[in-house]
Amino acid sequence: MIIAVDGPAASGKGTIARALARHYGLPHLDTGLLYRAVAMTVQRLELDATKEADAVAACDFDDSLLADPGLRSDAVGQLASVVSAHPLVRASLFQRQKRFAHQPGGAVLDGRDIGTVIAPEADAKLFVKATPQIRARRRHSELHAHGATISYDKVLADIRARDARDSGRAAAPLVQAPDSALLDTSFLTIDESVRRAIALVEARVAA
Ligand SMILES: Nc1ncnc2c1ncn2[C@@H]1O[C@H](COP(=O)(O)OP(=O)(O)O)[C@@H](O)[C@H]1O
Ligand SMILES: Nc1ccn([C@@H]2O[C@H](COP(=O)(O)OP(=O)(O)O)[C@@H](O)[C@H]2O)c(=O)n1
């Protein structure tokens, strides 16, 4: 079974995708980490994220980078949404994600374009959302728990900027797949979100 989980920054899609993977005994891929790794490589090599050729050169990162806690920073998230707008960057990461989705037994992937581009044939698709203010509060707490000193206002502004870039780009924009189930986590606890997500997947696969 392939499960696609998409949604904007800090909507809870990663938390839900990990829980679904545990529940169904499936491997999970956080595809945002791939774009974050490209962004961090651009940063390290002092390349220009706005230039497609520079961003493509950074796609050749070492997989050990995917475990770097620095990938979770707000600055890397921002830069990830710049490099991810380049069609050749998306093309360069496409096969890896497609292969992961189609491994024997299936997989859970979360990102922005899983249900629309990477695995439009997924058995179940969820689109996770929450208000920008609630997402900013969650991300702010998360960043502070990891030692960052960024303000709530800056996190909210960055989330809004990233939403606009991710939704406004021409290549694989963040958009709800028409055959996906919408899950608004704004006023749900993590446990409630996960229970709701499992129920939505069950309903999809039974249909
Ligand atoms: N329903 C929820 N209620 C409260 N906090 C949540 C909820 N879902 C996720 N979180 C927390 O919000 C933060 C962002 O969640 P995450 O799943 O990483 O979002 P995304 O993958 O969409 O960026 C994490 O610290 C997570 O524990
Ligand atoms: N499938 C994906 C996943 C992430 N991305 C890009 O990578 C950035 C970081 O993604 P992420 O999922 O790690 O971000 P969060 O939602 O965790 O904040 C996003 O803002 C997108 O620009 C993408 O374009 N396509």
Quiz item: Looking at this structure, is His144 over 16 Å from Ala80 (Cβ atoms), surrounded by 19 or more Cβ atoms within 10 Å (Cβ to Cβ) and free of Cβ contacts under 8 Å to residues at least 40 places away in the same chain?
Solution: no
Practice problem: Return yes or no: is Ala4 within 13 Å of ligand 1 (Cβ to nearest atom), within 25 Å of Pro178 (Cα to Cα) and touching a residue at least 24 places away in the same chain (Cβ under 8 Å)? | Solution: no
Quiz item: In the range 193-207, how many are open to solvent by 70 Å² or more (accessible area, probe 1.4 Å) and without any contact (Cβ under 8 Å) to a residue 60 or more places away in the chain?
Solution: 5
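Taking the range 11-48 as the search range and keeping residues that are part of a loop (DSSP other than H, G, I, E, B) and open to solvent by less than 10 Å² (accessible area, probe 1.4 Å), which one is farthest from ligand 2 (Cβ to nearest atom)?
So the first thing to find is which residues in the range 11-48 are part of a loop (DSSP other than H, G, I, E, B), and the list is 11-12, 25-27, 31, 45-48.
Among the residues that remain, those that are also open to solvent by less than 10 Å² (accessible area, probe 1.4 Å) are: 11, 31.
Numbers: Ser11: 7, Thr31: 4 Å.
Out of the qualifying residues, it is Ser11.
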Exercise. Answer yes or no as to whether Ala157 is touching a residue at least 40 places away in the same chain (Cβ under 8 Å) and either closer than 19 Å to Leu79 by Cα or not in a helix (DSSP H, G or I) (or both).
Key: no
Self-check item: Selected residue [more than 11 Å from ligand 2 (Cβ to nearest atom), open to solvent by 20 Å² or more (accessible area, probe 1.4 Å) and out of contact with any helix residue (DSSP H, G or I) (no Cβ under 6 Å at 6 or more places or on another chain)] from Thr189, Thr116
Solution: Thr189
Quiz prompt | Of all residues making up the range 84-105, the number that are more than 8 Å from ligand 2 (Cβ to nearest atom) and part of a helix (DSSP H, G or I) | solution = 13
Practice problem: Quick one: which residue in Thr41, Thr15 is away from ligand 1 (no atom under 15 Å from the Cβ) and polar (S, T, N, Q)? | Solution: Thr41
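Might you let me know whether the range 147-166 holds any residue that is under 20 Å from Asp30 (Cα atoms) and more than 10 Å from ligand 2 (Cβ to nearest atom)?
No, the conditions are met nowhere in the range 147-166.
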Quiz item: Does Gln176 satisfy the condition of being surrounded by fewer than 23 Cβ atoms within 10 Å (Cβ to Cβ), under 22 Å from Met1 (Cα atoms), touching a residue at least 12 places away in the same chain (Cβ under 8 Å) and not basic (Lys, Arg)?
Solution: yes
Practice problem: Look through the range 77-92, keep the residues that are under 24 Å from Pro27 (Cβ atoms) and buried (at least 20 other Cβ atoms within 10 Å of the Cβ), and return whichever of them is nearest to ligand 1 (Cβ to nearest atom). | Solution: Gly77
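In the range 106-113, is there at least one residue being in a helix (DSSP H, G or I), in contact with a Leu (Cβ under 8 Å, 6 or more places away or on another chain) and within 12 Å of ligand 1 (Cβ to nearest atom)?
Taking every residue of the range 106-113 in turn, none turns out to be in a helix (DSSP H, G or I), in contact with a Leu (Cβ under 8 Å, 6 or more places away or on another chain) and within 12 Å of ligand 1 (Cβ to nearest atom).
The values are calculated or read from the model by the stated rules, or taken from the named source; none is laboratory data. Since the model is a prediction, treat every value here as computed from it, not as a measurement. Note that each Cβ is placed from the backbone with ideal geometry, even for glycine, and that neighbours are counted across all protein chains shown. These accessible areas exclude ligands, DNA and RNA; they are computed on the full protein's heavy atoms, side chains included. Shrake-Rupley method; radii C 1.70, N 1.55, O 1.52, S 1.80 Å.
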